[in-house]
Amino acid sequence: MGRALSEIGWRRALRYAWLEIALLVERALLFPPARAVWLRLLGASIGTDSLLMDVRFTNADRTGLAGLRVGASCYLGRGVRLDLAERVTLADHVTLGDEVLILTHTNVGYANHPLQDVFPPSQAPVVIERGAYLGARALVLPGVTIGSEAFVAAGAIVTRDVAPGDIVRGQPADVVGTVAARRGQSSS
């Protein structure tokens, strides 16, 4: 603990401890609407009719819960993990399937880690635009924007931006079609 404390300082350590206790309270709340109210009190922006089933937060001591923006009518499934080292923004009608992981930072370890010179710490916000869908266990890396009404298949690893209306899958995620084309197929 001594090394970690020397790198982050007492202020951030105390902020971390306070937020961990506050998030324990959030986890104890049984009903998603009660969780949303509690998270709003902690500084998160959560739109009306959004359900956060069983979301976990990491690095909340960096942005605080103010780093979380969830639009109206969103659904965040069980086991979703949000890294709040940077801002995470979900526009209206975004759906995150169970166990989706959104990362906003990379850090290989302590300042003296042998890979720090090759992979220095970095962080970047993640934005998921209106009506996008991320299937179960999708992984989104730092700095990615997922366009409106994009469809990310279950288990996909999203390493770069996804254009609005694109359908992506795979590891790393690659475009396999468009929502517009599928709409056209279903009307034929």
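The values are calculated or read from the model by the stated rules, or taken from the named source; none is laboratory data. None of these values were measured; they are calculated from a predicted model. Cβ placement follows ideal geometry from the backbone for every residue including glycine, while neighbour counts extend to all protein chains displayed.
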Sole residue being crowded, with 19+ Cβ neighbours inside 10 Å, within 21 Å of A132 (Cα to Cα) and either in contact with a Ser or Thr (Cβ under 8 Å, 6 or more places away or on another chain) or at pLDDT below 95 (or both), chosen from V55, V88:
V88
Restricting the first residue to the stretch 27-51 and requiring it to be over 18 Å from L82 (Cα atoms), which pairs with a second residue that is part of a helix (DSSP H, G or I) and not charged (D, E, K, R) meet a Cβ separation below 8 Å and a spacing of at least six or different chains?
L29/W38
Can you say whether L41 is of a type outside the set (S, T, Y) and touching a strand residue (DSSP E or B) at 6+ places or on another chain (Cβ under 9 Å), as far as the supplied structure shows?
no
Would you mind finding the one in G43, G67 that is under 24 Å from R137 (Cα atoms), in contact with a Leu (Cβ under 9 Å, 6 or more places away or on another chain) and of a type outside the set (K, R)?
G67
Can you confirm whether the stretch 86-104 contains a residue that is over 25 Å from E149 (Cβ atoms) and in contact with a strand residue (DSSP E or B) (Cβ under 7 Å, 6 or more places away or on another chain)?
no
Among the residues that make up the stretch 101-112, is at least one of them closer than 14 Å to E129 by Cα and surrounded by fewer than 23 Cβ atoms within 10 Å (Cβ to Cβ)?
no
V118 fails exactly one of (1) β-branched (V, I, T); (2) within 26 Å of R62 (Cα to Cα); (3) surrounded by 20 or more Cβ atoms within 10 Å (Cβ to Cβ), namely (3)
Those residues that are more than 27 Å from R56 (Cβ to Cβ) and either of a type in the set (K, R) or part of a strand (DSSP E or B) (or both), I need them from the stretch 167-186; list them, please.
I167, D174, V175, V176, G177, T178, R182, R183
